[in-house]
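Here's the structure, in structure tokens; my notes come after.
The values are calculated or read from the model by the stated rules, or taken from the named source; none is laboratory data. Model, not experiment: these values are computed from the prediction. Heads up, the Cβs are rebuilt from the backbone with ideal geometry, glycines too, and the neighbour counts pull from every protein chain shown. Side chains are part of the model used for accessible areas, which takes the heavy atoms of the whole protein and leaves out ligands, DNA and RNA. Shrake-Rupley method; radii C 1.70, N 1.55, O 1.52, S 1.80 Å.
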Amino acid sequence: MTSVSLGRSDLRVSPICLGTMTFGEQVGEPDAHAILDRALERGVNFIDTAEMYAVPAREATFGASESIIGRWLGQRPGMRQRIVLASKVAGPSRNMPWIRGGQGMTAADIVASCEGSLRRLQTDVIDLYQIHWPERHVPAFGSLYYDPAKETSATPILEQLQALAGLVKAGKVRCIGLSNETPWGVHEFVRLAEQHGLPRVATVQNPYCLLNRSWENAMDESCHRLGVSLLAYSPLGYSLLTGKYDQHAPHEPGAPQGGRIARYESVRKQRWGRPEALAAARRYNQLARDHGLTPVQLALAFCYGSWRVASTIFGVTSLAQLDENLDAWGTQLSPELLAAIDAVRWELRDPAQ
């Protein structure tokens, strides 16, 4: 894998990123450390985490993923210089009062969250520090429509940028990014940064997969023209695009019980648990088999080969899953197969948007 640049920053990363939200919930610390070791051995230098992880989020596991990574780094002198480390400050609490008091995300909240992440990660600097979801009201996490009546924003974007700029100036953060953002949000962050001489966002971490190609409706043009890179998350659609639920739906007794969507009812209530998402996944999975590929190869190659994606983020629960996902690198999708993928999307649209 050849490294890629993130936005207009000086960060260069592998085009595959290891997501760690399973660490501390589905994956215990020894296995998490083994997964991290294997990823580095196979050329992945980009690790993504967040203060709210593990997922599903709960008070008992808040910060667990960062702490596991921190102990991994602490036990391996020199490892920190080999990786690009990304984390995130949570947006408004979304019914997670253990993250912070109040409903917003003030400048002081951003600084306090960064300090906590630095402690847990046992590092002096976070290479890419991202806002996990917007402080303002936006349609995200399965919500389709913007509703101005739901607006509760209390911290202007300029104030958020100034707080992040302070962290950059202090040497605690190298570059900044966004997540679960909209075209307007990206443009506003870039506009204000350029107007006030503040750090420019390098990346946006949004969902992008066969079941959710909403990025292609305005976000791709916006970020391409602004020089902001996409970090694509959920490329396997919460495992719907692995084929493991083709025979039995996640809620059925015969379904494999190790995956998040089968194991946690809270996940099945989200966008990935919609019946329409499973029906579309089964279509894509069969399309893969019809073309001599595994569902995993098709789903990941769709992201790996897209001009829109700088780095694809996936999480795993075992070394076998990690190897399978990495082995899919280099899989080529023919023009005929890409056309067939588009035909399914035209019919079924984006059921996990």
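Some values worked out for this structure:
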{"item": "Accessible area (Å², 1.4 Å probe, nearest 10) - HIS187", "result": "90 Å²"}
{"item": "Helix-derived mean residue ellipticity, 222 nm - over the chain, DSSP H n ≥ 4, -39500 (n - 2.57), to 500", "result": "-11000 deg cm²/dmol"}
{"item": "Nonlocal amide H pairs with CYS175, under 5 Å, H built at 1.01 Å", "result": "LEU128, TYR129"}
{"item": "With every protein chain in place, the chain: carbon and sulfur % of accessible area (1.4 Å)", "result": "51 percent"}
{"item": "Candidate residues TRP184, TRP346, TRP98: accessible-area rank, largest first, probe 1.4 Å", "result": "TRP346, TRP184, TRP98"}
{"item": "Normalised contact order of the chain, rounded percent, pairs of Cα under 8 Å and 6 or more residues apart", "result": "17 percent"}
{"item": "For SER153, solvent-accessible area (1.4 Å; no DNA, RNA or ligand), Å²", "result": "60 Å²"}
{"item": "In range of the label at HIS196: residues from the stretch 1-24 whose backbone nitrogen is under 20 Å from the point 7 Å along Cα→Cβ", "result": "none"}
{"item": "Zone residues, the stretch 109-136, relative to GLU151, backbone N less than 18 Å from point 7 Å out along Cα-to-Cβ", "result": "134-136"}
{"item": "Size of charge dipole - the stretch 1-85 - debye, nearest 20, with Cβ of Lys, Arg +1 and Asp, Glu -1, no other charges", "result": "360 debye"}
{"item": "Inter-centroid distance (Cα atoms) of the stretch 1-61 relative to the stretch 168-200, Å", "result": "22 Å"}
{"item": "Residue pairs, from the table LYS172/LYS244; LYS150/LYS172; LYS244/LYS269, whose Cα atoms sit over 30 Å apart", "result": "LYS172/LYS244; LYS150/LYS172"}
{"item": "Sequence-distant residues sharing a close amide H with ARG274 (under 5 Å, placed H)", "result": "none"}
{"item": "For the stretch 227-353, size of Cβ-based charge dipole, Lys and Arg +1, Asp and Glu -1, in debye", "result": "440 debye"}
{"item": "Accessible area of ARG260 in the full protein assembly, 1.4 Å probe (Å², nearest 10)", "result": "40 Å²"}
{"item": "Full-stretch length increase - ALA60, ARG349 - with 0.36 nm per residue and alpha-carbon distance subtracted", "result": "100.3 nm"}
